[in-house]
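A.B. asks: Dropping the structure in here first, questions after.
The values are calculated or read from the model by the stated rules, or taken from the named source; none is laboratory data. In this text, all values refer to a predicted model and were calculated from it rather than measured experimentally. Quick reminder, even Gly has a Cβ in these numbers, built from the backbone with ideal geometry, and neighbours come from all protein chains shown. Accessible surface is based on the protein model in full, side chains and every heavy atom, while ligands, DNA and RNA are left aside. Shrake-Rupley method; radii C 1.70, N 1.55, O 1.52, S 1.80 Å.
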Amino acid sequence: MTPLLIATRNAHKVGEIQAILGDGFACRALLKEFPAAPIAIEDADTFAGNALKKAESLSGWLAGLSPAERRGLGAAQTFILADDSGLEVDALGGAPGVHSARFAAMDSGHEGNSPDADNNAKLLRLLADVPQAKRTARFRCVLALVEVNRAVPVLTPQLFEGACEGWIDLAPRGSGGFGYDPLFIPLGHDKSFAELGESVKNGLSHRAKALAKLREWFSGGSD
Ligand code: IMP
């Protein structure tokens, strides 16, 4: 079983990653195991840049802890996995993109992420005059895998990317998932991710595609 410390405070992401990866991986949640870990500043202009920042800043912070404080991480080969993801809407020139989590707060100048409902409301407002055929969009996910710092690091950071095409509906539908799920209709479906439910979403999502590449990398030998 491969231990992965997931560098996110988003419990939905941890749940999806564990459900998609299945039994061969043990995902450990940052918030539960290391609530004092610093929050990485996501100021890169690409998903890859932010994913690497999240993974490497956590790895650096863990390296400064005593072995006892590290709670077993780093004793054997252990990995940190960071996910940076978001929604790219064509009619908005790719926005909200890397700003997906704080899309609404960007207007008010508030620090930090915005409630999902506020982000969704802003998206619908900006697309109010855009017809269905032009509401194309995609979710994109970049995963960064780094090793928990050891005396001799053996792994260069690895990146895995996935995208899921679809379009933005006229109103939110469904209660599953998180973030923009109630507004996103994946290509080939007529229901939102929030209506389709966990198992359908996890079979075709941006995160599932990126995680399939990660699983393939592990099965090809990581060390
Ligand atoms: P991050 O935590 O900085 O990567 O922010 C990602 C943001 O993108 C989330 O807060 C959501 O708003 C959005 N997002 C990413 N993945 C998904 C998804 O699978 N469903 C819905 N929204 C998502």
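A.B. asks: Relative contact order of segment 2-219, please, whole-number percent, based on alpha carbon pairs below 8 angstrom and at least 6 residues apart. Please list the in-between numbers first.
C.D. replies: Numbers: 406 pairs, mean separation 41.4, N = 218.
Once divided by the residue count of segment 2-219, the mean separation gives 19 percent.
A.B. asks: Given R₀ = 25 Å, FRET efficiency for Leu124-Ala36 by Cβ-Cβ distance, to 0.05? Display every interim value, and only then the final one.
C.D. replies: Values: r = 37 Å, r/R0 = 1.50.
It comes out at approximately 0.10.
A.B. asks: Over 10 Å intervals from 0, what percent of Cα-Cα pairs in segment 2-219 sits in each interval?
C.D. replies: Binned Cα distances yield the sequence 8, 34, 34, 18, 5, 1.
A.B. asks: Which is the longest stretch in the chain that no exposed loop site breaks, taking sites as GluC sites (Glu not before Pro) with a DSSP loop state and at most 15 other Cβ atoms within 10 Å?
C.D. replies: Longest site-free region, per DSSP loop and neighbour criteria: 112-223.
A.B. asks: When a/c reaches 1.5 or more, the comparison of a/b and b/c decides; with that in mind, is segment 96-149 rounded, prolate or oblate per its Cα gyration tensor?
C.D. replies: oblate
A.B. asks: When the accessible area of the chain is split by element with a 1.4 Å probe, what percent falls to carbon and sulfur? Working shown, then result.
C.D. replies: Numbers: 5750 of 10530 Å².
Roughly 55 percent of what the probe reaches on the chain is carbon or sulfur.
A.B. asks: When N counts the residues of segment 47-158, how does its alpha-carbon radius of gyration compare numerically with 2.2 N^0.38 Å, as a ratio? Numbers along the way, then the final one.
C.D. replies: On the way: Rg = 18.6 Å, N = 112, 2.2 N^0.38 = 13.2 Å.
Rg over 2.2 N^0.38 Å, computed on Cα atoms: 1.40.
A.B. asks: Testing the spin-label approximation: label points 7 Å from Cα along Cα→Cβ at Leu65 and Lys134. State their distance in nm.
C.D. replies: Calculated label separation equals 5.0 nm.
A.B. asks: So if I average 1/r over every pair of distinct C-alpha atoms in segment 94-220 and take the inverse, what Kirkwood radius in Å does that give?
C.D. replies: Numbers: mean 1/r = 0.0619 Å⁻¹.
Over segment 94-220, the inverse of the mean reciprocal pair distance is 16.2 Å.
A.B. asks: Placing unit charges on C-beta atoms (Lys and Arg positive, Asp and Glu negative, everything else neutral), compute the dipole magnitude of segment 2-219 about its Cα centre in debye, rounded to 20.
C.D. replies: 360 debye
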